[in-house]
Amino acid sequence: MKKNNKKNTNSGLESRPEQSGTDRPEIDFALRRANRSLETERLLALLRNEAPTFFALAEVVGKWVWIQFSDKQPPTVTRVLAELGFHWNNVRQTWQHPCGTIRRERAAFDPRKRYRSYFAADRMAA
């Protein structure tokens, strides 16, 4: 049995914060918590005024707001979405905001089929 108590400090490996690819922008979690409790209409007003690009993509599904992109977004975009109160749903491949109505378990059905669904920007144009 080989015992080697010497630590290899010259391995070239870096600690987690120093690893490349982890320079993600910091998320303001206090702002995120505050924004997650916003009701649907208040969130849509915030998006319309502060993030019009996201407002153009916002789909209201029941009381929730979903934002979907065709490609992966850069870390700066994901930081803004997180601070606005959105979370990533890997199953549905969309950013979702619960608008103050947080469910304990995941829906086993497609919410778009059960609840009313519309794009917020389309309602503003009408």
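Just so you know, all these numbers are worked out from the coordinates, no wet-lab data involved. In this text, all values refer to a predicted model and were calculated from it rather than measured experimentally. Ideal geometry is used to build each Cβ from the backbone, glycine not excepted, and the neighbour counts take in all protein chains shown.
Before we move on, is HIS87 within 27 Å of ASP28 (Cβ to Cβ), without any contact (Cβ under 8 Å) to a residue 12 or more places away in the chain and not small (Gly, Ala, Ser)? The answer is yes for HIS87. Pick out the one residue from LYS63, LYS72 that is over 16 Å from ASN35 (Cβ atoms) and not hydrophobic (A, V, I, L, M, F, W, C). Only one candidate qualifies: LYS72. Scanning the stretch 71-122 for residues that are acidic (Asp, Glu) and touching a helix residue (DSSP H, G or I) at 6+ places or on another chain (Cβ under 8 Å) yields a single hit, GLU83.
For the stretch 20-49, what are the residues that are of a type in the set (D, E, K, R) and more than 14 Å from ALA82 (Cβ to Cβ)? Give the derivation first.
Kept after step one, since they are of a type in the set (D, E, K, R), are these residues of the stretch 20-49: 23-24, 26, 28, 32-33, 36, 39, 41-42, 48.
Correct list: ASP23, GLU39, GLU41, ARG42, ARG48.
Tally up the residues in the stretch 46-71 that are farther than 25 Å from PHE109 by Cα and loosely packed, with under 14 Cβ neighbours inside 10 Å, please. Outline the logic, then answer.
Start the filter on the stretch 46-71 by keeping residues that are farther than 25 Å from PHE109 by Cα, which leaves 46-56.
Next cut, loosely packed, with under 14 Cβ neighbours inside 10 Å only: 49-50, 52-53.
Counting residues in the stretch 46-71 that are farther than 25 Å from PHE109 by Cα and loosely packed, with under 14 Cβ neighbours inside 10 Å gives 4.
Where strands (runs of 3 or more DSSP E) sit wholly within the stretch 38-126, none has at least 2 residues that are among the small types (Gly, Ala, Ser).
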